[in-house]
Amino acid sequence: MVTGDYKYWKQGIRPPKVVPEVTLTGTGWTAELIVYYTLYDAESDERSALSAPSATQSASNQGIRADNMDDVADALGRATHVEAWLSVDGGLPRLAVQREIGMTGNVTLPDSLGELGESFTEEFELFPRCRYNVIWHDRQIMSGDDENPNRIYVSLIGLPERRALFSLDTKTRQPVTGLFVVNDQLIVGCPFAQERMHGYTEDDLGIEIAQPNIGLVSHWSVQVIHGYAWFLSQIGWYVTDGSAWFFVSKDIDTKLAAEYETDRVQYEDTWSVYDPKSHVYIADAGTNHSSFTGQSVRWAADYKPVLPAVGGGMGQPNWSYDVSTRIYHCGAVMAVPGSKRQDVFFGGPNGIIYKQIPENETDAGDSYNKLFHVIHATEYFGDCGGDLAHGKEITEVDFFVRSEFSQWEGAVYSGDAEPYPQATPAFETGTVAASELIIEDDFIYTMQPQWTHRYPTVQLPGQGFQVEIVATAPTDDFEYAGYSMEWKEGIYDRTPALAEELS
């Protein structure tokens, strides 16, 4: 856990292992006395659970002294004080004394009830070592315990570091692979299902199966964007608002399935971030893939077509992926101190935080530059129930690209529409040199087709084809405006933004 002033704490404070040693001395109590120790952090006002109790002392007008408080220490260095608690005749332990860690000598405890402080009323434990956590309904929820992988732990209400003596198991008995909150609903991800927690107090907390067929691959793949949670399953990416699940990786499902089968470990550690300025969801699938040895692979989705909040309508996003030599371990949206502008930053294993610079050809030392790769939705031939985009005999596909200094490759595949790279594409591919720009009045750039793919073969009804653009290591601006298809009865624009320029 990282605090606001960038201090690092282990979550929760372990109770002292030192068992209190006490001595009856002087005058005061006529009662049965038991002493406990706790550790306390003054900065966060958080304390540990009670230590083991001292031996019971039967006092007869006697005081009581703690002889080994100076032996109590916090090996992790978070706690600031050690505390002694006194139970009188079996009552709740009450705070007797508080001393800074490092004090020396024994400590005499108060000898009357009026001198004792607050009672230790909460029964709690320290959370086990868990992989996943979220905050929900004023509690911290944790899971991913190696000893109990299907168990869900909850904190006390309003006290996120104190584990309640209450827990739940998944309904399907599957291990938990992640947790996320969307629209005030806590979704518990499992390998082959998703469950939903409900309730607030321990009297009404419960769990139910929300989605029996869609699993969660990686807790860190989840990003909640405008009320929809994006996450990676074994068959691709989904978004959910907690009540319905939508598949959003149709364009890349074949490629993704092949990579997941080969590189399962990397994909199950996928982490993600989203850029609220460019409306892009980014998922880093790790390194040392079968396709890209020693390089970092990041899938990216333009989510504008998907989310209603940014003008979309639950359509398919525009997918691409980026490959670089530099390895990143995490990403986050942060604002520079004194600035309201939010930018995406990436953390490297060398302890350095990076911000990508599109204008810099090496991106501050990344010699591989970038691989700009766009995969479009699969089109189909001969779909009689389709609109103008379907059921036509297509004669050519025109690519529209502006790239002053970069080489780029366009490809059209048919049959199963296998994503790039494909060793033997069914149709031609073409490599095009630097594009030309045509400047008209008022210096308006007009896109011209930079490459045309022509169909020489029979188009079978129901057969799919897919259009891709790859620009390897672009050294300057690379602008891709989409493609258009020509058929016998007219033109269809795959990218609506291009329609005005073509008309």
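The values are calculated or read from the model by the stated rules, or taken from the named source; none is laboratory data. This is a predicted model, so every value here is computed, not measured. All Cβ positions, even for glycine, are placed from backbone atoms using ideal geometry, and neighbour counts span all protein chains on display. For accessibility, only protein heavy atoms count, side chains too; no ligands or nucleic acids. Shrake-Rupley method; radii C 1.70, N 1.55, O 1.52, S 1.80 Å.
May I ask you to give the solvent-accessible area per residue for the stretch 52-148, in square angstrom, as obtained with a 1.4 angstrom probe?
Value returned for the stretch 52-148: 50 Å² of accessible area per residue.
How large a share of the accessible area of the stretch 77-222, in percent, is made up of carbon and sulfur atoms when the probe is 1.4 Å and the other protein chains stay in place?
Carbon with sulfur: 46 percent of the solvent-accessible area.
Using modelled amide H (1.01 Å from N, peptide plane; none on Pro or chain starts), what sits under 5 Å from the amide H of Val224, excluding residues fewer than 5 places away?
Close amide H contacts, sequence-distant or interchain: Trp230.
Set the Förster distance to 41 Å, then compute FRET efficiency between Thr80 and Ala258 from the Cβ-Cβ distance, nearest 0.05.
E between Thr80 and Ala258, to the nearest 0.05, is 0.15.
Starting from 0.36 nm per residue, how many nanometres of slack lie between Glu100 and Val18 once their C-alpha separation is accounted for?
This chain segment gains 27.9 nm when fully extended.
Restricted to Cα positions, what overall size does the stretch 50-134 have along the principal axes? Three whole-Å values, descending.
52, 29, 22
Express the Stokes-Einstein translational diffusion coefficient of the stretch 1-152 in µm² s⁻¹, to the nearest whole number, given a Kirkwood radius over alpha-carbon pairs, 25 °C and a viscosity of 0.890 mPa s.
Translational D for this selection: 145 µm²/s.
With a ≥ b ≥ c taken as the square roots of the eigenvalues of the C-alpha gyration tensor of the stretch 126-229, please select rounded if a/c is under 1.5 and otherwise prolate if a/b is larger than b/c or oblate if it is not?
rounded
How large is ³J(HN,Hα) for each residue in the stretch 306-318, as worked out from phi by the Karplus curve 6.51 cos²θ - 1.76 cosθ + 1.60 (θ = phi - 60°), to whole Hz, x for Gly and Pro?
After applying 6.51 cos²θ - 1.76 cosθ + 1.60, I find 8, 8, x, 5, 10, x, x, x, 6, x, 7, x, 8 Hz.
Find out how many positive minus negative residues lie around His219, taking Lys and Arg as positive, Asp and Glu as negative, among other residues whose Cβ is under 11 Å from that of His219.
Around His219, the surrounding residues sum to -1.
Quote to one decimal, in nm, the extra length available between Asp184 and Asp343 on full extension: 0.36 nm per residue of separation minus the C-alpha distance between them.
Extra length available between Asp184 and Asp343 comes to 54.6 nm.
First compute the accessible area of the stretch 240-292 with a 1.4 Å probe, then give the percent of it belonging to carbon and sulfur atoms.
51 percent
Just subtract the alpha-carbon distance of Thr56 and Leu159 from 0.36 nm times their residue separation and send over the number in nm, one decimal.
34.0 nm
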